[in-house]
Amino acid sequence: MARSLRNSHDLDYVIERDGTPDQLGRPLAFIEVAWRSYTKHSKNKVQEIQGAVLPICERYSLDQPFLGAILAGKFTAPSLDQLRSLDFHVIYITYDSIVEAFDRFDIDIRFDEKTPEAWFVKTFDAITIQPNVVTEVLAWLSDEHEAELELFFEKLRARLARTVKKVLVAPLYGNESGFGSITDAVAFIEQNGTQEGSGPLRGFDVVLRYSNGDHIDGRFADVEQAVKFLRYFAV
């Protein structure tokens, strides 16, 4: 379901766990959809997407939500690379692919900034009077981008279905030791690295490993915080 999650930008798709129409759940995926007709606008749109999604993703960082962007039209390679570098999974359907899909029905959807409104009306009528045009165009585009679509939804399904495979807990004992050089630190480790833990408990390192290869790490100063962290994921 699409909702704002206390953000001024209306997100296109948010997949949640335990959400209701009145209660926000825990977000598992954010997916944005966009069309741009001119490459000069693509960078701005990409920045808009990341500006809307990333702050929310940071707020729910423990849930490691899937980030997706389904883009169509004209986007530059650098703008797509920018999203991918931020861990967005991207489907990109080119302007030429869409034009070719409609060409198969003898419908020309090419337009620019000077195209008159009457042309849009005529083209819209040409699409609506032919049965199944939209359905067949979607089917053709799905075939043309089959590998890209399959990878996107494979990653999405893996995120939605992931389960905790193993939990690693390492108690931390002993006092901190400070050194003025790397040489001194290495010597200390070599002399003490095989000794059993002793001294006061300083906290816990906790690692959750998931079935899809994801992992979440945490370091906690006391028992209460470590337990609270683990219980957050006990669903």
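Based on the Kirkwood radius over alpha-carbon pairs, what value in µm²/s does the Stokes-Einstein equation return for the translational diffusion coefficient of region 164-232 at 37 °C and 0.692 mPa s?
233
Just to confirm the filter: which GluC sites (Glu not before Pro) across region 151-227 are DSSP coil and have at most 13 other Cβ within 10 angstrom of their Cβ?
Within region 151-227, the qualifying GluC sites (Glu not before Pro) (loop, at most 13 other Cβ atoms within 10 Å) are Glu176, Glu196.
Using only the alpha-carbon atoms of region 1-125 as identical scatterers, what base-10 log of I(q)/I(0) does the Debye formula give at q = 0.09, 0.13, 0.22 Å⁻¹?
So the normalised log intensities are -0.34, -0.64, -1.19.
Tally the DSSP beta bridges in the chain and give the antiparallel ones as a percent, rounded to 5.
60
Given Lys74/Lys155; Lys74/Lys114; Lys43/Lys122; Lys45/Lys165, which pairs have Cα atoms separated by over 28 Å?
Pairs exceeding 28 Å: Lys43/Lys122; Lys45/Lys165.
Excluding same-chain residues fewer than 8 positions from Lys40, which aspartates and glutamates have a Cα within less than 20 Å of its Cα?
Glu32, Glu48, Asp81, Asp96, Asp112, Glu113
Rounded to whole Å, give me the distance from the Cα center of region 117-192 to that of region 13-66.
12
Need the full-extension length gain, Tyr232 to Asp10, defined as separation in residues times 0.36 nm minus the C-alpha distance. One decimal, nm.
On the way: separation 222, 0.36 × 222 = 79.92 nm, distance 2.71 nm.
Working it through step by step, the gained length comes to 77.2 nm.
Nearest 10 degrees is fine. How inclined is helix 182-192 to the longest principal axis of the chain, computing both from alpha carbons?
Relative to the chain, helix 182-192 is tipped by roughly 60 degrees.
Beyond 21 Å, what share of the Cα-Cα pairs of the chain remains, rounded to the nearest whole percent?
On the way: 19294 of 27495 pairs.
Tail of the P(r) past 21 Å holds 70 percent of the pairs.
Looking only at Phe30, Phe120, Phe102, which one moves most when the chain is put into a Gaussian network model with springs between Cα atoms under 10 Å?
Phe120
Relative contact order (percent) for the chain, with alpha-carbon contacts under 8 angstrom and 6 or more residues of separation?
12
Taken together, the values in this text are just the output of simple stated rules run on the coordinates, not laboratory data. Because the structure is a prediction, the values reported are computed rather than measured. Because the Cβ atoms are built from the backbone with ideal geometry, glycine has one as well, and the counts that use them run over all protein chains shown.
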